[in-house]
Amino acid sequence: MKHLLSIEDLDRAAIERLCDRAASFAEVADRPIKKVPALRGRTVLNLFYESSTRTRSSFELAAKRLSADVVNFAASGSSVEKGESLRDTVQTLAAHQPHAIVIRTPWAGASKLITQWTDAAIVNAGDGQHEHPTQALLDVYTLRDRLGSLDGLNVWIVGDVRHSRVARSLVLALQTMGATVTVAGPPTLVPQDIAVLGCQVRYSLDELPQADVVYALRMQNERMKQAYVPSLREYAANYQIDSRRLGARQLLMHPGPVNRGVELAGDVVDGPRSLILDQVRAGVLVRMAVLYEVLASGGGPSTPASGPGRGRGTDHPNPELHPA
Ligand code: ASP
């Protein structure tokens, strides 16, 4: 695998391989010294044009646990504020010869675009409303870890689907792994054409009790140019997941950040059915697996690795799990 730009580029075998590799890294997190030398000498550049808590911290931790050098770049406080373009910024930072660039931007397709401007491996950490592939992978990992398999699992994704890059990546990843997906929310926030991805669409939560997993999405106000719901109070009355709506056998997920009292009631966030912190923990492992794949593994069958820092040519899932 040279880059990770979209879940569309991954088949079931590739998702399983990444999850297996992530699982092989789990014991590193339990060590007193949480480090293996797998990416020693490689440089990972985190290039974030949008705010982030979980994704950025977990990519940084993932790279450091693999012994890579990490450069963190946030657009605010940089020359972007003086008008430097994405292309000039990428080419400037590429002069430092990073082996991988992890990029988040508000622009759909930006991660693909920058593959033309640098030889580094590119990992999409969220491109506008388009995709967030590592979020979907960590969600698959979390469910697989908890349930063993996703085959036949019934997952409902509830909330602001329209503005959600998580939803697009997640629908694809869950279905690839054998789950059935329903997206639900108010008609203004759930575009009918999302059904082309193969999921079902619902505008009420009447059938929510059928779900095995309820995945709530945040109202993404920063992407809204108009009011999509009459009021947050009305939205919460119809779509908030609370202890009345969440059944005792159902699992709860959310990509974060949570707006308590809007898409989720506080008691279910902290309740026994919530996998939200498991998702955060899985984020480090899955991002270790992704960085390892693009930088050290020699690539999967369809995308041979080449270029600086790649082409080590091993398929072993766990080649360097000895202490640094
Ligand atoms: N953290 C996720 C994202 O970056 C979800 C969200 O912001 O609501 O897309």
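The values are calculated or read from the model by the stated rules, or taken from the named source; none is laboratory data. Remember, predicted model here, so these are calculated numbers, not experimental data. Every residue, glycine as well, gets a Cβ built from its backbone with ideal geometry; the counts of neighbours run over all protein chains shown.
Here are VAL123, VAL158, VAL166: which of them is closer than 20 Å to ALA68 by Cβ, within 15 Å of the ligand (Cβ to nearest atom) and of a type in the set (Val, Ile, Thr)?
That would be VAL123, the only listed residue that is closer than 20 Å to ALA68 by Cβ, within 15 Å of the ligand (Cβ to nearest atom) and of a type in the set (Val, Ile, Thr).
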remark   = Restricted to the range 203-224 and to residues being buried (at least 17 other Cβ atoms within 10 Å of the Cβ) and outside any loop (DSSP other than H, G, I, E, B), the residue farthest from the ligand (Cβ to nearest atom) is LEU208
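Among the residues that make up the range 104-117, is at least one of them among the polar types (S, T, N, Q) and under 24 Å from ILE276 (Cβ atoms)?
No, because not a single residue in the range 104-117 is among the polar types (S, T, N, Q) and under 24 Å from ILE276 (Cβ atoms).
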note = the range 42-158: strands (runs of 3 or more DSSP E) wholly inside it with 1 or more residues that are on the phi > 0 side of the Ramachandran plot and crowded, with 16+ Cβ neighbours inside 10 Å are 121-127
key: Only one of VAL229, VAL181 that is out of contact with any Lys or Arg (no Cβ under 6 Å at 6 or more places or on another chain), touching a residue at least 24 places away in the same chain (Cβ under 8 Å) and part of a loop (DSSP other than H, G, I, E, B)   = VAL229
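To keep it simple, each residue is scored yes or no on (1) out of contact with any Asp or Glu (no Cβ under 8 Å at 6 or more places or on another chain); (2) within 13 Å of the ligand (Cβ to nearest atom).
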position	(1), (2)
ARG233	yes, no
ALA237	yes, no
ASP242	no, no
ALA248	yes, no
VAL262	yes, yes
ask   = Among the residues of the range 20-38, is any away from the ligand (no atom under 16 Å from the Cβ), of a type in the set (Ser, Thr, Tyr) and either part of a strand (DSSP E or B) or at positive phi (or both)?
value = no
task = Determine whether the range 251-261 contains at least one residue that is in contact with a helix residue (DSSP H, G or I) (Cβ under 8 Å, 6 or more places away or on another chain) and at pLDDT below 95.
result = no
key: Residue under evaluation VAL196, criteria (1) surrounded by 24 or more Cβ atoms within 10 Å (Cβ to Cβ); (2) out of contact with any helix residue (DSSP H, G or I) (no Cβ under 8 Å at 6 or more places or on another chain); (3) of a type outside the set (Asp, Glu), criterion not met   = (1)
query = Has the range 207-214 got at least one residue that is among the acidic types (Asp, Glu) and within 22 Å of the chain's Cα centre (by Cα)?
reply = yes
note = LEU275 vs (1) within 12 Å of the ligand (Cβ to nearest atom); (2) touching a strand residue (DSSP E or B) at 6+ places or on another chain (Cβ under 6 Å); (3) not small (Gly, Ala, Ser): all pass except (1)
message = Which numbered condition in (1) more than 15 Å from the chain's Cα centre (by Cα); (2) at pLDDT 95 or above is the only one that ALA22 fails?
response = (1)
task = Identify the single condition in (1) within 16 Å of the ligand (Cβ to nearest atom); (2) free of Cβ contacts under 8 Å to residues at least 24 places away in the same chain that ASN46 does not satisfy, given that it satisfies every other one.
result = (2)
task = Test SER57 against the stated conditions and say whether it is hydroxyl-bearing (Ser, Thr, Tyr), free of Cβ contacts under 8 Å to residues at least 40 places away in the same chain and out of contact with any Pro (no Cβ under 7 Å at 6 or more places or on another chain).
result = yes
inquiry  = Anything in the range 170-197 that is more than 25 Å from GLY247 (Cβ to Cβ), away from the ligand (no atom under 16 Å from the Cβ) and under 20 Å from the mean Cα position of the chain (by Cα)? List them, or say none.
reply    = THR176, LEU197
Only one of ASP193, ASP145 that is farther than 17 Å from TYR228 by Cβ and among the acidic types (Asp, Glu) = ASP145
